[in-house]
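Here, each number is a calculation from the coordinates, and none is a lab measurement. Only a predicted model underlies this, so the values are computations on that prediction, with no experimental measurement involved. We place every Cβ from the backbone using ideal geometry, glycine too, and count neighbours over all the protein chains shown.
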Amino acid sequence: MILALIETQEFSPTLRIILLVVFFTGIAAVVISRFYVFFEQQYAIKNKRPFFVHFYLYKKKLGDKEKRILRNQFSFYKRLNTTQKDIFNHRVASFIDAKSFLGREGLVVTNEMKVLIAATSTMLTFGFRNYRIDLIERIIIYPNSFYSQSNDAEHKGELNPKLKVLVLSWEDFLIGYDDENDNLNLGIHEFTHAIHINSLKSRDISSLIFKSAFGELTDLLTAEEELRQKLIESKYFRAYAFTNQFEFVAVIVETFIETPHDFKRQFPRIYNKTREMLNFNFANY
């Protein structure tokens, strides 16, 4: 229709050429974009990684106090090289800017809270190109465990996808990092729920990889009864993991982050699928 309009209207020859060039350039851009998306999806399904992860026209900066918090209190950050730390800082700053942090029961939200919560999300999505977790808009922080109307019980953490809210007990969030070898970490657990559910709702390349690798892990455990029984009987993963698929994913990611060497030694194929889900090719994982 646009091409016909250009041909029927009386334009100067030069303007006609310019309009035709713009028109065909636009068509070419759309076609190339569609081909790019298709080929990257095929590549990602096969190789479990996107064409690229990091590309920024501008990187945000963290203040010295915030970087000191990461250096002193976040062990994953210490294992990154200088370039990776620069990217990590940018992503933490972007997360803090994009989300609302709200205290409850008199709790005053501090920079430490924002940085450590943002760092937990950034760590889990560091292998993602689309790392913002759009499912979460607000983070509500209680001093300790809180009453939840969703099931009339005390909770340490809760995700409400409909309201786009993540709720955390700050006391229990910190306990998760006190012992980094017990495979229990509230922040990792709840953010993994968010990543998992977000992957089911999103069509970005990182969500595709997460879903594809988890599907392969599910098929593996379904097909191999002996492996499944070994997984259960080992008690390496706490019993809560076998409640449903969402808790299973959250627990294996907690375990993957906290005791990767034990995980890899005991269950190498499950470890590799978890690594593929997160595209975790850094920090000695």
**OP:** Go through the stretch 233-285 and tell me which helices (runs of 4 or more DSSP H), entirely inside it, have 2 or more residues that are of a type in the set (Ser, Thr, Tyr).
**Re:** 268-278
Original post:
Residues in the stretch 127-149 that are under 20 Å from the mean Cα position of the chain (by Cα), closer than 24 Å to residue 174 by Cα and of a type in the set (Phe, Trp, Tyr): how many?
Top reply: 1
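Could you check how many residues of the stretch 213-241 are hydroxyl-bearing (Ser, Thr, Tyr) and within 21 Å of residue 265 (Cβ to Cβ)?
Adding up the residues that qualify gives 2.
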Subject >> Restricting the stretch 36-57 to residues that are exposed (fewer than 15 other Cβ atoms within 10 Å of the Cβ) and among the polar types (S, T, N, Q), the residue that is nearest to residue 91 (Cα to Cα) >> reply: 47
Subject >> Those residues of the stretch 185-195 which are out of contact with any Asp or Glu (no Cβ under 8 Å at 6 or more places or on another chain) and either small (Gly, Ala, Ser) or over 19 Å from residue 138 (Cβ atoms) (or both), in sequence order >> reply: 187, 194
**OP:** Could you check how many residues of the stretch 238-262 are more than 17 Å from residue 213 (Cα to Cα) and without any contact (Cβ under 8 Å) to a residue 24 or more places away in the chain?
**Re:** 7
Original post:
Scanning the stretch 173-204 for residues that are assigned to a loop (DSSP other than H, G, I, E, B) and without any contact (Cβ under 8 Å) to a residue 60 or more places away in the chain, which turns out nearest to residue 214 (Cα to Cα)?
Top reply: 203
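From the set of residues in the stretch 163-172 that are part of a helix (DSSP H, G or I) and without any contact (Cβ under 8 Å) to a residue 60 or more places away in the chain, which is surrounded by the most Cβ atoms within 10 Å (Cβ to Cβ)? I'd like the intermediate steps shown before the answer.
Pass one, the stretch 163-172, residues part of a helix (DSSP H, G or I): 170-172.
From what's left, without any contact (Cβ under 8 Å) to a residue 60 or more places away in the chain: 171-172.
Working: 171: 13, 172: 18.
Result: 172.
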